[in-house]
Amino acid sequence: EEWIEQLHRVTQLEHRNVCRIIGFSLANSRRLVVFEASETSAGLDELLLLPSASDHNRGGRVQRMDFNWDARLKIALAAAQGLAFLHQSSPFQV
């Protein structure tokens, strides 16, 4: 199937703003894709889960819902760079 072939190709791509695919499954017409968790210091998790003095610790992670404009710009720029790679710079177009 075309979906499986495309995923095989995508698993070979590497970019700091694109999560790696570590597995996928197609069973009974249900599709599942498993992505690697980001561990880079500029990862989306760190931009979305920034600690602040007024935050409450939940399960070892500090959740923050209010994003300043600097954080919003970093998130948008990182997403745009990842998409530009996938659609323009990667060895094959996704």
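The values are calculated or read from the model by the stated rules, or taken from the named source; none is laboratory data. If you're wondering where the values come from, they're calculated on a predicted model, not measured in any experiment. Ideal geometry is used to build each Cβ from the backbone, glycine not excepted, and the neighbour counts take in all protein chains shown. Side chains included, ligands, DNA and RNA excluded: accessible areas come from the protein's heavy atoms. Shrake-Rupley method; radii C 1.70, N 1.55, O 1.52, S 1.80 Å.
In the context of the full protein assembly, Glu14 retains an accessible surface of approximately 140 Å², using a probe radius of 1.4 Å and ignoring ligands and nucleic acids. Over all other residues within a Cβ to Cβ distance under 14 Å of Ser90, the charged ones net out to +2, with Lys and Arg as +1 and Asp and Glu as -1.
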